[in-house]
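Enquirer: Below: one structure in structure tokens.
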Amino acid sequence: MKLIIINGPNLNLLGKREPTIYGNTSFEDFLFELKKEYQSKGVEIEYFQSNEEGKLINKLHETGFSYDGIILNAGAYTHTSIAIADAIAAIDTPVIEVHISNVHKRESFRHHSYLSANAAGIIIGFGLKGYKLAIESFM
Ligand code: DQA
């Protein structure tokens, strides 16, 4: 099974960025362990991160007709991007929307997601474990 994790803006700073909200672990360290754990279970995990909306859309197009699943944390674009919502609707591969923090406990502008209506599922507020739960949902 081939999955891709796509992370959006500012998620390259995980481990350094607002650690009380997002934790102290860098995504690279987390990904290393994640790949190790799931490789033996026949799950290949690719990773892509960009701070640019168009690059996230290009990656959804690139992987969205051949991969088995996409795990997407679009960061703040979740709350602004009709273009990413359209890209999710346009592709065949199911997309799980993940948020590390519980966005519903935070500022009201984080309560609305343009992406959720087009996502196969949503995982919110479980920290980095949310990415694991998303992988498990495809197995
Ligand atoms: C986030 C929540 C978003 O509101 C925020 O803009 C992010 C990260 C999360 O994973 O909790 O960048 O998607």
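Enquirer: With a probe of 1.4 Å, find how much accessible area the range 2-138 has per residue, and write the answer as a whole number in Å².
Expert: 49 Å²
Enquirer: Would you kindly calculate the translational diffusion coefficient of the chain, applying Stokes-Einstein with the Kirkwood radius from alpha carbon pairs, for 10 °C and a viscosity of 1.306 mPa s, and quote it in µm² s⁻¹ without decimals?
Expert: It diffuses with D of about 107 µm²/s by this estimate.
Enquirer: Could you pull out which residues in the range 78-94 have an amide N less than 19 Å from a spot 7 Å beyond the Cα of Ser108, following the Cα-Cβ vector?
Expert: Under cut-off, by backbone N: 79-80.
Enquirer: Also, quick follow-up: Along the Cα→Cβ direction, 7 angstrom out, place labels at Ala90 and Asn10. What is the inter-label distance in nm?
Expert: With each label point 7 Å from Cα toward Cβ, the separation is 2.6 nm.
Enquirer: How far, in nm, would the chain grow between Glu37 and Lys2 when pulled straight, counting 0.36 nm per residue and subtracting the alpha carbon separation?
Expert: So the chain would gain 11.2 nm between Glu37 and Lys2.
Enquirer: In addition: What's log10 of I(q)/I(0) for the range 50-109 at q = 0.21, 0.22, 0.26 Å⁻¹, Debye sum over Cα points only, no solvent?
Expert: Listed by q, the Debye log ratios stand at -0.82, -0.89, -1.14.
Enquirer: Considering all alpha-carbon pairs of the range 43-83, what whole percent are spaced by more than 15 angstrom?
Expert: 40 percent
Enquirer: Take Leu133 and Glu46, extend 7 Å from each Cα along the Cα→Cβ direction, and tell me the distance between the two endpoints in nm.
Expert: Roughly 2.6 nm, to one decimal.
Enquirer: Please enumerate, by chain and number, the lysines with C-alpha under 23 Å from the C-alpha of Lys105, excluding those fewer than 8 residues away in the same chain.
Expert: Reachable lysines: Lys16, Lys129, Lys132.
The values are calculated or read from the model by the stated rules, or taken from the named source; none is laboratory data. On a predicted model such as this, the values are computed, not experimentally measured, just so you know. Cβ: placed from backbone, ideal geometry, glycine included. Neighbour counts: every protein chain shown. When the accessible area is computed, the model is the full protein with side chains, heavy atoms only, and any ligands, DNA or RNA have been set aside. Shrake-Rupley method; radii C 1.70, N 1.55, O 1.52, S 1.80 Å.
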